[in-house]
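Chemist: I am attaching a structure below and will ask some questions about it afterwards.
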Amino acid sequence: MKIQKIKTNYSRGITLIALVITIIVLLILAGVTISALSGDNGILTNASKAKYATELSQYNEELQLFKGNKVLENMDFEEGSLISAENSLDYNTKPAEETGNIYNVIPSLEGSHFDGKLEVIKGELLLNSQDKSEIEVAQSVGIAVNPYEIIDGELISSNGNLLLMDDTGTLRLPETVTSIGEGAFSNVEGLKTIIIPGTVKEIKKNAFSYNTTLERVIMEDGVEVIREYAFVDCSNLIEVYMPETIISIGNGAFYSCGNLNNIEIPSKIQIINPLVFSSCANLSNITFRGDKIETIEREAFFNCSISNFEITKNVNSISSTAFSKCANLDNFVIKDNDNFIYESGLLMTKNKEDVIFVSTKYLANTTEFTIPNGVKNFKVDISNLSNVVKLNIPETLENLNTRYLAINIEEVTVSENNKTFKVYNNSIYSKDGEKLIFCYSKDKNIEVENAVKIIDEFSFKGATNLEELILPESVETINAQIFSNNKIKKIKMGKNVKSIDPMFAFNKEIDVEIDSKNPYYMTENHILYTKNKERLVTINYKIKGKFVLDNNVKEIENNAFYNQTGMTEIDLGENLEKIGGQIFYNCTSLKSIIIPQSVKSIANSAFEHVQNLKEIIINNKENAIEGAPWGCPAGAKAIIWNGI
């Protein structure tokens, strides 16, 4: 009995193994069968494609028959005049009393798979679909395809916007598009050439922003307006053709297009807006087709490679920062213009009251720079003049932009007759001593003079060794980026500070100590809040990973999370009500954000320059908060309403 029992178990074991193997084989065969049936080239898929092809061919035949009958009815019938959809039918010889729709043109369409997806435009059948199989079939039988979401002529940001791109990366938009929506082609991959037909009147904000594969942009006659940041940071863009119909190019439209070498400005343009070609590092040739330019705004050509610039006859205003960081620029051709002069390396207004540009090349060996007497406004960039260690200010000077002063300055003199500035203890002050304008002390520890009420922008840029700053009780206002170029670690503020710019520390890791008696501000865990903690002003440390907002916070100020590149996620809590402008500027690791139901307002620029932000989930009813997509480069496709 014992031996028999062993044999029985062995036999059962063999049976179980065989069963398992059989099941595995059946599963493999089933997988192969399913794949053969349903894969991209599967039997079922191919059968569906064949069925679609048959249907579409039949619909096209019915359309041709309809057009043929209309010719027989009236020889004046024009095929290109035929337009028809679910609720419309129109053509040039249509009797006034006739009504109808696409089912009159294609009777067998009603109730079919393609019902609601087909229309007749200019006498030709058009398929509206984002289904790749349907698109492939339609193209194989010669039917035009529209995979786009177009609302009132505007091409909306959608994942289907590249479906008609050819194998070379070229895409020509259909003539049904009259405007390219916000973020329509932002941050997409593969698009190399875009051809924009003249039916498109407007290219909206961020339309092609952060597109790293785009190389050529061809705009045809008819395109009129390019909005702000439309092509920002298209790093491989090498060619842009703008037609003569262009009347406006918005702020920062081609900002940081680093490979753009040549540009022609259409003749109707009157204003070169701020930052339009800023940081186009290889831009060396600029041609104006006409002479209607009147104004060149701030940082329009910041850090470009131009060596020559033509000032045409109607230019009457040029920002003093228009050509900042243009280290190669040393020649201006002034044509029939009585508003400007260029001499001794300085571009100035004709009356010599305003300095517009100082040539770095012309003054490359200068250690002492003297602002010419007669100049009232000196807001120009001389930061590239690293050799300059002494600055002389004349009696006439009234305005000085310290952002662009050379950081190596060790000595400053001010004319005794100057009514605006004075120098004391290695610093430039306002004449009354209430504003600190520029400190060039090289000490590590600096204590500001009593009586100072305002710490001006970039005021410690020249204090290159600064580590600890002590402000007196008299200080009331601290402006932006006061520590733009030093090693600051700690700042002490008194009880009377009542206005602090969120960008005051410019994203530096800094220990902020505020007098406990200050009624306006407080700090906690290196975060600056208003005293009641309801408003977050700024973060004074580098965030890594997730940030959780304190539940007391109801408002986040502009630029609060500026350049927090290590922040991957943020929890905005349950009580936040207001989100400021550009709060996540250059937060490159932030890809998704959830907006709680408590939020009532979001600034129009809240998500500007958050180049990798793909998803903004709003726990509220659709359009409960105005202004979407609030500057998000990805546009409408990034907005997800998740409310009841």
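Chemist: Suppose every K and R has +1 on its Cβ and every D and E has -1 on its Cβ; what is the size of the dipole of the chain about the Cα centre, in Debye to the nearest 20?
Modeler: With Lys and Arg at +1 and Asp and Glu at -1, about 2800 debye.
Chemist: A further question follows. For the chain, give the percent of accessible area contributed by carbon and sulfur heavy atoms, probe 1.4 Å, rounded to a whole number.
Modeler: 46
Chemist: For the ranges 330-341, 278-289, what's the packing order if you count other beta-carbon atoms within 10 Å of each residue, average per peptide, and put the highest first?
Modeler: Ranking, from highest mean packing down: 278-289, 330-341.
Chemist: While we're here: Give me the extension gain from LYS335 to ASP443: residue separation times 0.36 nm, minus the current Cα-Cα distance, reported in nm with one decimal.
Modeler: Computed gain between LYS335 and ASP443 is 34.0 nm.
Chemist: Looking at ASN623, SER129, TYR541, which one has the Cα that reaches farthest to the positive end of the dipole of the chain (charges on Cβ: Lys, Arg +1; Asp, Glu -1)?
Modeler: Result: TYR541.
Chemist: Quick one: accessible area per residue over the chain, 1.4 Å probe, rounded to a whole number of Å²?
Modeler: Solvent-accessible surface per residue comes out at 47 Å².
Chemist: Follow-up question, since we're still on this one. Taking Cα pairs under 8 Å and at least six residues apart, what relative contact order does region 488-644 come out at, in percent?
Modeler: 14
Chemist: Shifting gears a bit: Note the angle between two axes, namely the Cα long axis of helix 2-38 and the longest principal axis of the Cα atoms of the chain, as a number of degrees from 0 to 90, rounded to the nearest 10.
Modeler: Long axis of 2-38 versus the principal axis of the chain: about 80 degrees.
Chemist: Return the subset of LYS205/LYS544; LYS453/LYS600; LYS192/LYS361; LYS487/LYS544; LYS461/LYS498 for which the Cα-Cα distance in this structure is over 28 Å, preserving the input order.
Modeler: LYS205/LYS544; LYS453/LYS600; LYS192/LYS361
Chemist: Continuing with the same structure: Once you've got the Cα coordinates, tell me which of LYS70/LYS117; LYS508/LYS546; LYS67/LYS122; LYS422/LYS495 are over 21 Å apart.
Modeler: As for pairs spanning more than 21 Å Cα to Cα, those are LYS70/LYS117; LYS422/LYS495.
Chemist: Shape call for region 186-302 from the C-alpha gyration tensor, a ≥ b ≥ c root eigenvalues: rounded (a/c under 1.5), prolate (a/b greater than b/c) or oblate?
Modeler: Verdict is oblate for region 186-302.
Chemist: Towards the positive end of the charge dipole of the chain, with charges on Cβ (+1 Lys, Arg; -1 Asp, Glu), say which of ASN337, PHE357, VAL599 has the farthest Cα.
Modeler: Going by the Cα projections, it comes out as VAL599.
Chemist: Let me ask something else about it. Per residue of region 564-572, in order, report the coupling 6.51 cos²θ - 1.76 cosθ + 1.60 (Karplus, θ = phi - 60°) as ³J(HN,Hα) in whole Hz, putting x for Gly and Pro.
Modeler: 7, 5, x, 7, 9, 7, 9, 9, 8
Chemist: Across region 147-164, in residue order, what do the Karplus-derived ³J(HN,Hα) couplings come to in whole Hz, using 6.51 cos²θ - 1.76 cosθ + 1.60 with θ = phi - 60° and x for Gly and Pro?
Modeler: x, 8, 9, 10, 10, 6, x, 8, 6, 7, 4, 8, 6, x, 6, 9, 5, 9
Chemist: Once volume of the Cα convex hull per residue in Å³ is worked out from the coordinates, which option in (i) 286; (ii) 160; (iii) 266 does it equal?
Modeler: (iii)
Chemist: Can you bin region 194-252 into rounded, prolate or oblate? Criterion: square roots of the alpha carbon gyration tensor eigenvalues sorted a ≥ b ≥ c, rounded for a/c under 1.5, prolate for a/b above b/c, oblate for the rest.
Modeler: oblate
Chemist: With a ≥ b ≥ c taken as the square roots of the eigenvalues of the C-alpha gyration tensor of region 348-464, please select rounded if a/c is under 1.5 and otherwise prolate if a/b is larger than b/c or oblate if it is not?
Modeler: In terms of gyration-tensor shape, oblate.
Chemist: Give the Cα extents of region 339-391 along the principal axes, in whole Å, largest first.
Modeler: The Cα atoms of region 339-391 stretch 30, 18, 15 Å along the principal axes, largest first.
Chemist: Using θ = phi - 60° and the Karplus relation 6.51 cos²θ - 1.76 cosθ + 1.60, list the HN-Hα couplings for region 312-319 in order, rounded to whole Hz, with x at every Gly or Pro.
Modeler: My calculation for region 312-319 gives 6, 5, 9, 5, 10, 8, 10, 5 Hz in order.
Chemist: Along the charge dipole of the chain, pointing to its positive end and built from +1/-1 on Cβ of Lys, Arg, Asp and Glu, which listed residue (THR523, PHE438, GLY198) has its Cα farthest out?
Modeler: Working it through, the farthest residue towards the positive pole turns out to be THR523.
Chemist: Give me the accessible area of LEU400, 1.4 Å probe, in Å² rounded to the nearest 10.
Modeler: 30
Chemist: 222 nm [θ] for the chain, helices only, -39500 (n - 2.57) per DSSP H run of 4+, per residue, to 500?
Modeler: That comes out to -4500 deg cm²/dmol.
Chemist: Size of the dipole of region 520-644 about the Cα centre, Lys and Arg at +1 and Asp and Glu at -1 on the beta carbon, nothing else charged, in debye to 20?
Modeler: 180
Chemist: Now for a separate question. Quick check on my link table: of LYS435/LYS490; LYS379/LYS578; LYS352/LYS444; LYS313/LYS379, which ones sit more than 27 Å apart, alpha carbon to alpha carbon?
Modeler: Going by Cα-Cα distance, LYS379/LYS578; LYS352/LYS444 fall outside the 27 Å limit.
Chemist: Return the aspartates and glutamates within reach of LYS591: Cα separation strictly under 17 angstrom, same-chain partners fewer than 8 residues apart disregarded; answer none if there are no such residues.
Modeler: Straight-distance partners of LYS591: GLU189, GLU569, ASP571, GLU608, GLU615.
Chemist: Would you please put 488-497, 163-172, 379-388 in order of how densely packed they are, using the mean number of other Cβ atoms within 10 angstrom per residue and starting with the highest?
Modeler: Ranking the peptides 488-497, 163-172, 379-388 by packing returns 379-388, 488-497, 163-172.
Chemist: May I ask you to order 202-212, 429-439 by the average number of other C-beta atoms within 10 Å around their residues, highest value first?
Modeler: Most protected by this proxy first, the peptides run 202-212, 429-439.
Chemist: Over the chain, what relative contact order in percent results from Cα pairs under 8 Å that are six or more residues apart?
Modeler: 5
Chemist: Treating the beta-carbon of each Lys and Arg as +1 and of each Asp and Glu as -1, no other charges, what is the dipole magnitude of region 296-417 about its Cα centre, to the nearest 20 debye?
Modeler: 280
Chemist: What percent do you get for the relative contact order of region 73-120 when only Cα pairs under 8 Å and 6+ apart count?
Modeler: 35
Chemist: For a quick check of understanding: with a 1.4 angstrom probe and all protein chains in place, what accessible area in square angstrom does TYR241 have, to the nearest ten?
Modeler: Near enough 100 Å² of accessible area.
The values are calculated or read from the model by the stated rules, or taken from the named source; none is laboratory data. Remember, it's a predicted structure, so these values are computed and weren't measured experimentally. Here Cβ is always computed from backbone atoms with ideal geometry, including for glycine, and neighbour counts include all displayed protein chains. We work out accessible area using only protein heavy atoms, side chains counted, and drop any ligands, DNA or RNA first. Shrake-Rupley method; radii C 1.70, N 1.55, O 1.52, S 1.80 Å.
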